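The values are calculated or read from the model by the stated rules, or taken from the named source; none is laboratory data. Since the structure is predicted, the reported quantities are computational estimates derived from the model, not experimental observations. Every residue, glycine among them, receives a Cβ derived from its backbone with ideal geometry; neighbour counts consider all protein chains shown. Side chains are part of the model used for accessible areas, which takes the heavy atoms of the whole protein and leaves out ligands, DNA and RNA. Shrake-Rupley method; radii C 1.70, N 1.55, O 1.52, S 1.80 Å.
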Amino acid sequence: MNVDWFDFELPEELIAQTPLADRTSSRLLSLNRASGKISHGGFTDLAELLQEGDVLVLNNTRVIPARLMGVKSDTGAKVELLLLKRLEGDTWEALAKPAKRLKTGTVIHFGDDGSGKPLMKAEIIAEGDMGSRHILFRYEGIFQELLDRLGEMPLPPYIKETLAERERYQTVYSRHEGSAAAPTAGLHFTEAFLDNLQKRGIQLAYVTLHVGLGTFRPMSAETVEEHEMHAEYYELDEENAAILEVARREGRRIVAVGTTSARTLETVASRFPDTPLEACSGWTSIFIYPGYTFKLVNALVTNFHLPKSTLVMLVSALAGRDAVMKAYSEAIQRQYRFFSFGDAMFIY
C-alpha cells in the first residue's frame with residue numbers, strides 16, 4: 001500500500017497556530033461509516049451524536065515540559081533536547097539538536113544556580129536512530145521541579161506561535177505525567193461538557209498512553225507496510241478494564257477520544273481476545289492502517305491530521321480511505337482548522 005495514497009494538499013493558513021479561547025467552540029465534522037454521509041456543525045453537537053450507554057474513552061496522560069535548552073559544557077554551543085520517555089531512573093530517551101555534534105560522552109549544562117554553576121547536567125550515554133540519544137541527568141533536588149523550572153512545552157514544529165498558557169496544551173482530565181505531546185482530540189473537552197455527557201447517560205473511561213517519538217517521526221518508507229512504529233507506554237487500571245469489559249459484553253459503543261486512546265484500546269483487546277479484559281500495562285507499537293479489523297473501538301473523536309501520517313492511516317482503517325479523503329477535502333473547502341489546535345471530527 002503506497003504512502004502517497006494518504007497525501008493531500010493543505011493550505012498553510014489552515015494550520016491552527018493558537019487554541020480557541022473556549023475549548024468547546026471548535027467545529028465538528030461528523031462522518032457516518034455505514035452511509036458515508038458527512039455533516040458539519042459545532043463540537044457540542046457531539047452530545048446529540050453520542051447515545052445513552054456509550055462509553056467515551058479518554059487518554060489521561062499529562063504532557064511534561066519536555067523541551068530543554070542548554071549548552072555544551074566544553075564549547076558553550078547551544079543544544080536542544082526533547083525528552084521522549086524515561087528509560088530507567090534518571091536516564092531518558094530524547095531527540096537532540098544538533099544531533100550530529102552530540103556524541104556519546106558529551107556533557108550538557110542547563111540553567112544557572114546563581115553562582116555560575118548549572119542547575120542540571122546531562123551526559124549522552126548512547127546514540128539511537130532519528131537523532132535520538134540516551135541521556136543521563138545529574139542534579140540536586142527533585143527532577144520534576146527542575147523540569148518545570150527549566151523546560152518548555154514541546155509544541156509540534158508546525159506551530160510557530162508561542163503558547164500563552166501551558167495548561168491549554170493539557171486536557172482538563174490529564175493526570176499521569178509522561179507525554180512528549182498532548183492527546184489533542186481531548187483538548188476540545190471541558191469539565192462542564194463532560195458532566196453534561198454523563199448526565200445524558202454516557203459513561204466515561206480512562207486509559208493512559210504516554211505519547212512519544214511516534215508522534216514526531218515522519219513516514220520515510222514508500223509503502224505503508226514497511227513503516228515501524230516507535231513503542232509507547234500504556235496503562236489500563238482495573239476499574240476502567242471492568243467498565244470496558246461490561247460495555248463490550250453488552251454490545252454498547254466504545255468511543256475512543258483520539259488516536260492514542262484508540263491504539264491503547266486495540267492493544268488491550270489484542271492481549272485479551274477470548275477472555276475478559278483485565279488491568280494491564282506495557283509498551284505498544286501497534287500500527288493501524290486499512291485492512292485492520294477493530295476489536296474494541298466502534299467510534300472515534302479525532303482531530304484533522306498531517307498528510308501521509310500514521311494517524312490519517314488509522315482513521316482510514318476505521319472509516320475507509322476514500323471516505324476519509326472526501327471528508328478531508330470538504331474540511332479544506334470549508335476552511336476547517338487543522339492539527340493540534342484545530343477542529344474535530346467524529347467517525348461513527
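Taking the longest Cα principal axis of the chain as reference, the axis of helix 259-271 is set at about 80 degrees. The alpha carbon centroids of the stretch 183-206 and the stretch 107-130 are separated by 40 Å. Over the stretch 206-348, what is the mean sequence separation of C-alpha contacts under 8 Å (at least six apart), divided by residue count, expressed as relative contact order in percent? Computed over the stretch 206-348, the figure is 24 percent.
Only beta bridges with both residues in the chain are counted; by DSSP, about 70 percent of them are antiparallel. Which percent of the accessible heavy-atom area of the chain goes to carbon and sulfur, probe 1.4 angstrom? Ligands and nucleic acids excluded, carbon and sulfur give 46 percent.
Between helix 321-333 and the chain, what is the angle of the helix's C-alpha long axis to the longest principal axis, kept within 0 to 90° and rounded to the nearest 10? Helix 321-333 sits at roughly 80 degrees to that axis. Considering the stretch 67-152, its Cα convex hull presents a mean projected area of 5.2 nm².
The residues of the stretch 42-194 present an accessible area of 47 Å² per residue when probed at 1.4 Å with all protein chains retained.
The angle separating the long axis of helix 310-319 from the principal Cα axis of greatest extent in the chain is about 10 degrees. Given the options Ala344, Leu46, Cys280, identify the residue whose Cα lies farthest towards the positive end of the charge dipole of the chain (+1 on Cβ of Lys, Arg; -1 on Cβ of Asp, Glu). Towards the positive end, the residue furthest out is Ala344. Rounded, prolate or oblate: pick one for the stretch 115-231, where a ≥ b ≥ c are the square roots of the eigenvalues of its C-alpha gyration tensor, a/c under 1.5 means rounded, and failing that, prolate if a/b is larger than b/c, else oblate. Since a/c reaches 1.5 but b/c is at least a/b, the shape of the stretch 115-231 is classed as oblate.
Comparing Met69, Leu83, Leu56 along the charge dipole axis of the chain, the residue lying farthest to the positive side is Met69, per the Cβ-charge model. Put a plus charge on the Cβ of each Lys and Arg, a minus charge on the Cβ of each Asp and Glu, and nothing anywhere else: the dipole of the stretch 6-65 about its Cα centre is then about 180 debye.
With the helix formula -39500 (n - 2.57) applied to DSSP H stretches of n ≥ 4, the chain reaches a computed 222 nm mean residue ellipticity of -6000 deg cm²/dmol. Classify the stretch 215-348 from the C-alpha gyration tensor, please: rounded if a/c falls under 1.5, else prolate or oblate depending on whether a/b exceeds b/c. Because a/c hits 1.5 or more and a/b exceeds b/c, the stretch 215-348 counts as prolate. Could you give me the percent of Cα pairs per 10 Å distance bin for the stretch 4-114, shortest bin first, beginning at zero and ending with the bin that holds the maximum distance? Calculated over all Cα pairs of the stretch 4-114, the distribution is 9, 23, 23, 21, 16, 7, 0 percent.
As a rough guide to protection, the peptides 277-284, 230-237, 167-174 ranked by mean Cβ packing within 10 Å, highest first, stand as 230-237, 167-174, 277-284. Working note: Karplus 6.51/-1.76/1.60 with θ = phi - 60° gives the stretch 228-242 the couplings 10, 7, 7, 6, 10, 8, 9, 9, 9, 8, 5, 4, 6, 4, 5 Hz, where Gly and Pro are set to x. Relative contact order of the stretch 1-53, taken over Cα pairs closer than 8 Å and 6 or more residues apart, is 24 percent.
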